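No lab work stands behind these numbers, since they all come straight from the coordinates. Keep in mind that this is a model prediction, so the values were computed, not measured. Note: ideal-geometry Cβ built from the backbone for every residue, glycine included; neighbour counts use all protein chains shown.
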Amino acid sequence: MRKNRFRTFLLWALLTLACWAGALAVFLGNRQGNQEFTGYYDSPVLTGKEMELFIGEREEEDLPLTVAWKEREKENFSGNTGLTCQGNLLEISGEMKTLFSKQLIRGNFPWKGDTQGCVISRGLSRELFGTDNGTGNEIRARGETYTVRGILEGEDNLLAVWAGEEEELENFRLFYDADLVPVSQAEEFLYQMTGTQPDRMFEGNLYGALSRFSLFLPVLILGALAGIRSFQAGRKQGDFRKKLCWYALTGLLCFLFLWGLEKSVRLSPDYFPSMWSDLSFYPQLLEEKVKTFRKLTALNICQADSRILTGTWKTILLSGSSLFLELLAYGRFPQKEGWHFYSPLHRIKEKRIGKI
């Protein structure tokens with residue numbers, strides 16, 4: 001009976017570790033998104049030349065890396081193989097690798113001034129060229145011929161090229177060096193550059209905070225359960241030294257729990273009220289963020305934002321599974337009549353001395 005209980009406990013414990021390790025891997029792969037914001041506009045607000053002039057005038061300031069683009073849907077593409085299809089065309093100004101962070105799987109991005117170079121999605125490469133590696137092939141769109149320099153992740157038909165200086169842009173992605181930049185700072189930067197507030201704002205640090213907290217949650221719950229059990233074991237001890245040891249362990253676990261809680265909740269100042277007595281702050285904030293999320297998901301978002309959202313949901317799902325399995329393992333934890341810090345050999349000696 002005890003062996004079966006231990007085997008069940010071991011199974012749940014191993015599955016818990018596997019799920020949590022998966023959540024950690026997704027979180028680390030998605031961590032860069034904490035430093036990114038995307039402002040979406042319903043209409044063009046700036047040209048590529050105007051954006052470069054604005055950034056050039058403020059070279060001494062600590063500005064984020066900026067990329068802007070305009071997306072055209074249902075454009076006709078044709079390859080040098082004679083095949084044709086439709087897809088989305090992105091005309092980009094700024095740092096192209098910032099928009100397609102960690103999505104380049106083959107080749108490279110077109111260099112600055114390479115107006116005839118482009119990157120395409122893996123799905124478009126398959127449809128036009130019949131292969132995942134269509135680099136070096138030519139593709140025609142909007143009367144221009146481009147050479148494929150690199151391949152991006154994704155099954156949707158996507159073609160990205162450099163925008164002309166006078167091309168009007170309507171979406172902006174910002175990359176900061178820190179991961180606790182307030183969203184108000186990003187909105188202020190976009191307002192200074194474009195003269196208008198974005199219609200929708202994607203906050204990478206918010207989704208990063210959700211991922212971080214969900215990742216820490218199973219560890220925090222485990223620490224709390226261990227603290228409760230050590231406190232209960234201490235209360236059962238009759239010897240003062242043993243009781244003191246168990247209470248010291250409980251205190252250490254409480255300290256680690258509070259330390260982990262502080263590390264798991266990392267939010268920018270925008271997510272805290274100016275006065276702690278303002279009880280309506282968080283209900284209003286939650287309502288605002290839910291409304292913003294619905295507006296974002298109702299329309300197309302860029303692949304980088306979609307990747308962050310997918311990574312967030314995966315982290316939450318795996319962490320939740322880890323927490324569930326952890327509770328199952330805790331329920332099958334082998335029970336003992338007493339918990340001691342002393343070795344079994346020492347306890348046998350105590351019994352023999354007692355008999356004498």
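Run the dipole for the chain about the Cα centre, Lys and Arg Cβ at +1, Asp and Glu Cβ at -1, nothing else charged, and hand back the magnitude in debye, nearest 20.
Details: 43 positive and 43 negative charges, 933 e Å.
My answer is approximately 4480 debye.
Which listed residue (Ile120, Asn137, Asn88) has the Cα farthest towards the positive end of the charge dipole for the range 46-169, taking +1 on Lys and Arg C-beta and -1 on Asp and Glu C-beta about the Cα centre?
Of Ile120, Asn137, Asn88, it is Asn137.
Filter Lys291/Lys314; Lys97/Lys263; Lys74/Lys97; Lys70/Lys291 down to the pairs with a C-alpha to C-alpha distance above 27 Å, please. Display every interim value, and only then the final one.
Numbers: Lys291/Lys314 22 Å; Lys97/Lys263 30 Å; Lys74/Lys97 24 Å; Lys70/Lys291 24 Å.
Lys97/Lys263, as the Cα separations exceed 27 Å there.
Which order do peptides 197-209, 35-47, 65-77 fall in by mean Cβ count within 10 Å, highest first? Numbers along the way, then the final one.
Working: 197-209: 21.7, 35-47: 19.5, 65-77: 17.6.
Most protected by this proxy first, the peptides run 197-209, 35-47, 65-77.
Ranked from highest to lowest mean number of other Cβ atoms within 10 Å per residue, what is the order of the peptides 249-261, 140-152?
Values: 249-261: 15.2, 140-152: 17.5.
In decreasing order of mean packing, 249-261, 140-152 become 140-152, 249-261.
Tell me which label goes with the value of P(r) over Cα pairs in 10 Å bins from 0, in percent computed from the coordinates here: [x] 5, 18, 19, 16, 14, 14, 9, 4, 1, 0; [y] 5, 24, 29, 21, 13, 6, 1; [z] 5, 18, 23, 19, 13, 9, 7, 4, 1, 0, 0.
[z]
What number do you get for the range 171-255 when its Cα radius of gyration is normalised by 2.2 N^0.38 Å, N = residues? Can you show the working numbers first?
Details: Rg = 23.5 Å, N = 85, 2.2 N^0.38 = 11.9 Å.
Working it through for the range 171-255, the quotient is 1.98.
Can you list residues from other chains, or at least 5 along the same chain, whose modelled amide H is less than 5 Å from the amide H of Leu46?
The list, which skips near neighbours in sequence, is Leu169.
Antiparallel versus total DSSP beta bridges in the range 46-169: what percent is that, nearest 5?
Details: 25 of 35 bridges.
Here the antiparallel bridges make up roughly 70 percent for the range 46-169.
In µm²/s, what is D for the range 46-169 at 20 °C and 1.002 mPa s, where D = kT/(6 pi eta Rh) by Stokes-Einstein and Rh is the Kirkwood radius from Cα pairs?
On the way: Rh = 14.8 Å.
My calculation gives 145 µm²/s for D.
For the chain, what does the relative contact order come out to in percent, with C-alpha contacts under 8 Å and a separation of six or more?
Details: 557 pairs, mean separation 95.1, N = 356.
Reported relative contact order: 27 percent.
Rounded to the nearest 0.05, what FRET efficiency do Gln192 and Phe255 have when you use their Cβ-Cβ distance and R0 = 45 Å? The partial results should precede the final answer.
Details: r = 45 Å, r/R0 = 0.99.
The computed FRET efficiency comes out at 0.50.
For the chain, what is the mean residue ellipticity at 222 nm derived from helices alone (per DSSP H run of n ≥ 4: -39500 (n - 2.57); sum divided by total residues; nearest 500 deg cm²/dmol)?
Taken over the chain, the calculation gives -17000 deg cm²/dmol.
Can you tell me which of 280-291, 173-184, 120-131 comes out highest on packing, and rank the rest after it, using the mean Cβ neighbours within 10 Å? Please list the in-between numbers first.
Values: 280-291: 11.0, 173-184: 17.7, 120-131: 20.8.
Top to bottom by mean Cβ count within 10 Å: 120-131, 173-184, 280-291.
Counting only other residues whose beta carbon sits under 15 Å from that of Ser214, what net charge do I get with K and R as +1, D and E as -1?
Details: positive: Arg31, Arg212, Lys263, Arg266, Lys314; negative: Glu326.
Summing Lys and Arg as +1 and Asp and Glu as -1 gives +4.
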